[in-house]
Amino acid sequence: MLARMLLSLINKLHVVEKLAESRPMRRAAQITAYAITKAQIAGRDVSEKALRSQTLRQVREEAGKVPRDLSEMNSRLRKVRDTFVNEVKDGWKEGSRQIKK
């Protein structure tokens, strides 16, 4: 019953126009647009950081090389792991600094 009433109200053009012109709806639209814009900017920043990532560069480099034995492969993987851990720590510190601002 309630769903029918809501559907009938939504289907009336003048009711929808009144709602769209109301201050709460305009404010909700502004907040939504702001959140979407912030998310796009954050996504762009993260993708740029990933492209500049030393780990990504190192993985690409190591993928092109064929290891001679298991110990060489182990040392390569250890280097990639260490680089990754260092980048995560740096990112964590940078994030903490940004939160404090």
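Rule-based calculations on the coordinates, nothing more; no lab input. Owing to the predicted nature of the structure, the values given are computational and were not obtained by experimental measurement. Virtual Cβ from ideal backbone geometry, glycine too; neighbours counted across all protein chains shown.
Let me spell out the model: positive unit charges on the Cβ of Lys and Arg, negative unit charges on the Cβ of Asp and Glu, origin at the Cα centre of the chain. What dipole size does that give, in debye rounded to 20?
Details: 23 positive and 12 negative charges, 74 e Å.
Dipole of the chain, to the nearest 20 debye: 360 debye.
Rounded to the nearest 0.05, what FRET efficiency is calculated for Ser22 and Met1 with R0 set to 22 Å and r the Cβ-Cβ distance? Could the numbers behind the result be given before it?
Details: r = 25 Å, r/R0 = 1.14.
It comes out at approximately 0.30.
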**OP:** Enumerate the calculated ³J(HN,Hα) couplings along region 63-77 in order (Karplus 6.51 cos²θ - 1.76 cosθ + 1.60, θ = phi - 60°), each rounded to whole Hz, writing x wherever the residue is Gly or Pro.
**Re:** 5, x, 9, 9, x, 7, 8, 5, 5, 5, 5, 4, 5, 5, 5
Original post:
How large is the charge dipole for region 1-52, taken about the Cα centre, if only the Cβ atoms of Lys, Arg (+1) and Asp, Glu (-1) carry charge, to the nearest 20 debye?
Top reply: 80 debye
Original post:
Order of 15-27, 70-82 by packing, highest average Cβ count within 10 Å first?
Top reply: 70-82, 15-27
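For the pair Arg97 and Ile36, what calculated FRET efficiency results from E = 1/(1 + (r/R0)^6), where r is the Cβ-Cβ distance and R0 = 41 Å, to the nearest 0.05?
0.95
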Original post:
Which label belongs to the value computed from this structure, given these candidates for Cα Rg over 2.2 N^0.38 Å: (1) 1.04; (2) 2.02; (3) 0.93?
Top reply: (2)
